[in-house]
1. Pairs please, first residue from segment 117-139 and at positive phi, second anywhere and assigned to a helix (DSSP H, G or I) and exposed (fewer than 15 other Cβ atoms within 10 Å of the Cβ), Cβ atoms under 9 Å, 6+ apart in sequence or on different chains.
2. PRO158 versus (1) under 15 Å from ALA37 (Cα atoms); (2) in contact with a Gly (Cβ under 6 Å, 6 or more places away or on another chain): which is the lone unmet condition?
3. Based on what the data block shows, is LEU102 at pLDDT 95 or above and in a strand (DSSP E or B)?
4. Counting only residues that are within 8 Å of ligand 1 (Cβ to nearest atom) and in contact with a Phe, Trp or Tyr (Cβ under 9 Å, 6 or more places away or on another chain), how many does segment 15-46 have?
5. Within segment 179-191, identify whether any single residue is away from ligand 2 (no atom under 16 Å from the Cβ), buried (at least 21 other Cβ atoms within 10 Å of the Cβ) and not in a strand (DSSP E or B), and answer yes or no.
6. Can you find even one residue in segment 39-55 that is among the β-branched types (Val, Ile, Thr), buried (at least 20 other Cβ atoms within 10 Å of the Cβ) and not in a strand (DSSP E or B)?
7. Within segment 8-28, can you find the residues that are on the phi > 0 side of the Ramachandran plot and touching a residue at least 24 places away in the same chain (Cβ under 8 Å)?
8. Residues of segment 59-84 being touching a helix residue (DSSP H, G or I) at 6+ places or on another chain (Cβ under 9 Å), assigned to a loop (DSSP other than H, G, I, E, B) and under 17 Å from HIS29 (Cα atoms), which ones?
Amino acid sequence: MVDDALISGIDISYTYPDGTKGFNRLTVHVKKGEKVALIGPNGCGKSTLMMVLAGLLKPETGRVLIEGRDMHSNIDSIRRRIGFVFQDPDVFLFNPSVEDELRYSLVQLEMDVSEMDMLVNEFSKVFNLENILHKPPFRLSGGEKKRVEVASVLIYNPDIIFLDEPTSNVDGKTRRKIIETLETYNGTLILSTHELEIAEKIADRIILMDQEKRMVLDGGLETLENRSFLEEIGVI
Ligand SMILES: Nc1ncnc2c1ncn2[C@@H]1O[C@H](COP(=O)(O)OP(=O)(O)OP(=O)(O)O)[C@@H](O)[C@H]1O
Ligand SMILES: [Mg+2]
């Protein structure tokens with residue numbers, strides 16, 4: 001193990017119940033405050049890897065550690081520290097209204113009502129949700145759902161945020177708002193994206209995965225300059 005890692009996945013793999021490999025035997029250490037972008041072609045295992053590192057799926061081989069301790073032995077206390085923006089917002093949105101969705105985690109954290117009202121107000125403005133606060137999330141457009149999902153996670157400022165394609169489906173203005181908010185976030189961030197520009201703006205470390213569902217490169221932002229390699233593995 002690496003002493004200063006916040007989250008470690010050691011020799012982990014995951015196979016879905018139907019026998020499909022999610023990803024294959026990989027080891028990754030993420031330090032506190034790091035901003036990591038996972039990049040790779042469709043189906044290379046980014047979403048699966050994020051779910052395993054966040055403790056949402058149990059690895060088939062290997063171990064996931066948080067601050068050196070097994071993630072699954074004290075998952076309840078860890079869950080509060082982790083925010084997860086799913087690629088498909090329908091997995092996440094379950095409250096009767098957008099406003100309830102925004103309040104949900106704040107209520108779980110037993111936040112003071114006036115502080116909660118202030119945050120809901122601020123995030124509804126930033127993410128342009130004021131006109132849809134009373135709508136049920138399932139009656140929203142794809143981009144609106146994504147906006148609600150991202151806002152509902154950022155609003156409670158978790159220590160560690162996983163964002164799976166946070167800007168898919170959203171318009172340019174929303175994309176800018178999401179980037180601006182993430183640029184000022186000082187926790188640990190693990191993101192997957194097909195938009196290299198987003199990775200460049202938000203991340204300081206790039207992990208590339210390939211069709212074989214392996215990690216093929218782990219480096220700084222200069223990784224994104226290797227256009228021929230990115231083309232070879234199907235990213236551009
Ligand atoms: N629920 C599931 N059941 C069975 N196989 C799955 C399931 N979800 C994903 N897979 C398979 O696992 C592999 C990894 O999928 P994953 O969703 O992690 O890829 P990804 O890199 O996130 O792709 P994308 O860029 O399209 O989001 C793929 O081969 C995919 O078909
Ligand atoms: Mg995915």
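1. Partner pairs satisfying both residue conditions: ASN128/LYS173.
2. So PRO158 meets the others, but not (1).
3. Details: at pLDDT 95 or above: yes; in a strand (DSSP E or B): no.
No; evaluated as a whole, the condition is false for this residue.
4. Residues in segment 15-46 being within 8 Å of ligand 1 (Cβ to nearest atom) and in contact with a Phe, Trp or Tyr (Cβ under 9 Å, 6 or more places away or on another chain): 6 in total.
5. Within segment 179-191, the subset away from ligand 2 (no atom under 16 Å from the Cβ) is 179-189.
Filter once more, keeping what is buried (at least 21 other Cβ atoms within 10 Å of the Cβ): 182, 188-189.
Applying the additional criterion that residues be not in a strand (DSSP E or B) yields 182.
Within segment 179-191 (the criterion being away from ligand 2 (no atom under 16 Å from the Cβ), buried (at least 21 other Cβ atoms within 10 Å of the Cβ) and not in a strand (DSSP E or B)), the answer is yes, since at least one residue qualifies.
6. Taking segment 39-55 and keeping what is among the β-branched types (Val, Ile, Thr), we get 39, 48, 52.
Checking which are buried (at least 20 other Cβ atoms within 10 Å of the Cβ) leaves us with 39, 48, 52.
Within this subset, residues satisfying the condition of being not in a strand (DSSP E or B) are 48, 52.
The answer is yes, given that some residue of segment 39-55 is among the β-branched types (Val, Ile, Thr), buried (at least 20 other Cβ atoms within 10 Å of the Cβ) and not in a strand (DSSP E or B).
7. Start the filter on segment 8-28 by keeping residues that are on the phi > 0 side of the Ramachandran plot, which leaves 11, 19, 25.
Passing the criteria: ASP11, ARG25.
8. Listed by number, the list holds a single entry, PRO59.
The values are calculated or read from the model by the stated rules, or taken from the named source; none is laboratory data. These figures come from a predicted structure and were not determined experimentally. Using ideal geometry, Cβ is built from the backbone for each residue, glycine included, and neighbour counts are taken over all protein chains shown.
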